[in-house]
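Enquirer: Next up is a structure, given as structure tokens.
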Amino acid sequence: QVQLGESGGGLVQAGGSLKLSCEASGTILRVNRMAWYRQVPGKQRELVATISVHHTTVYSDSVKGRFTISRDIAKNAVYLQMDKLKPEDTAVYYCYSGVELPSRAGQFDYWGQGTQVTVSS
């Protein structure tokens, strides 16, 4: 069983910073793509940023230049440094990992439980 444990959400004023962390645990062969998504009530979950095993990153236009995604391969962890936060960044943030298991062929999608980020104006 693979679990993703998230931490780091909270309440912050506009212009402030937060750092989200997520670590995959369990019987894992390899973690491939990792990413952060976010969702607000009534809207679809949207991609915030993604990072490959080679540390290639992609950001949504709305966060480019303000957020930084990084990962620690040895810890199966992914991080999201969020700077210059805006009220429109308020959402539940979910981490994602594409995981290969030693017991089954293929790659499987795993999600964190979500962490609330609230940015006040």
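The values are calculated or read from the model by the stated rules, or taken from the named source; none is laboratory data. Source: prediction; values computed, not measured. Because the Cβ atoms are built from the backbone with ideal geometry, glycine has one as well, and the counts that use them run over all protein chains shown. We work out accessible area using only protein heavy atoms, side chains counted, and drop any ligands, DNA or RNA first. Shrake-Rupley method; radii C 1.70, N 1.55, O 1.52, S 1.80 Å.
Enquirer: Is it the case, given these coordinates, that GLN44 is more than 20 Å from GLU100 (Cα to Cα), open to solvent by 40 Å² or more (accessible area, probe 1.4 Å) and in a loop (DSSP other than H, G, I, E, B)?
Expert: yes
Enquirer: Further, regarding this structure: Tally the residues that are in a strand (DSSP E or B) and not charged (D, E, K, R), restricting the search to region 100-118.
Expert: 8
Enquirer: Which pairs have Cβ atoms under 9 Å, sit 6 or more apart or on different chains, and link a residue in region 98-121 that is within 21 Å of GLY8 (Cα to Cα) to one that is outside any strand (DSSP E or B) and of a type in the set (Val, Ile, Thr)?
Expert: Listed pairs, sorted by first residue: TYR110/VAL2; GLN116/THR90; VAL117/THR90; THR118/THR90; VAL119/THR90; SER120/THR90.
Enquirer: So if I check each of TYR96, TYR59, which one is among the aromatic types (Phe, Trp, Tyr), farther than 19 Å from VAL119 by Cα and within 10 Å of the chain's Cα centre (by Cα)?
Expert: Exactly one of TYR96, TYR59 is among the aromatic types (Phe, Trp, Tyr), farther than 19 Å from VAL119 by Cα and within 10 Å of the chain's Cα centre (by Cα), namely TYR96.
Enquirer: From the list SER62, SER21, SER97, pick out the single residue that is outside any strand (DSSP E or B), modelled with pLDDT of 95 or more and either loosely packed, with under 14 Cβ neighbours inside 10 Å or at negative phi (or both).
Expert: The conditions single out SER62.
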